[in-house]
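The values are calculated or read from the model by the stated rules, or taken from the named source; none is laboratory data. Note that the coordinates shown come from a computational prediction; the quantities given were computed from them, not determined experimentally. Cβ placement follows ideal geometry from the backbone for every residue including glycine, while neighbour counts extend to all protein chains displayed.
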Amino acid sequence: MVVCAIGLALAVITVFVIPNFAPLFKILGNDIPGRPASSSVPRVVRHNGIALVAASAIAFFALRRHVAPRPAAISGTASN
């Protein structure tokens, strides 16, 4: 749960906060550190957000099913 919250916080910062600082860095004459990643990630998320959410949900449930404990096999016969 904590990992999901941290991932969500990082996603929000990357998509909504960092792009808002781009004009400030441009005025100061510097570029945003990590500019290629910080400019392309928000664009990809905004254009393909629904597909990314769907793919993440499918991956989550597939991984959850893959790691789920399997019921023990019943061996032998039942005695009365």
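Selection of first residues in region 7-19 that are modelled with pLDDT of 75 or more and of second residues that are loosely packed, with under 14 Cβ neighbours inside 10 Å, restricted to Cβ pairs under 8 Å at least 6 apart or on distinct chains, gives the following pairs, ordered by first then second residue: VAL15/ARG46. The C-beta contact set for region 48-60 (first residue under 14 Å from VAL15 (Cα atoms), second residue small (Gly, Ala, Ser) and exposed (fewer than 11 other Cβ atoms within 10 Å of the Cβ), distance under 6 angstrom, 6+ apart or interchain) is empty.
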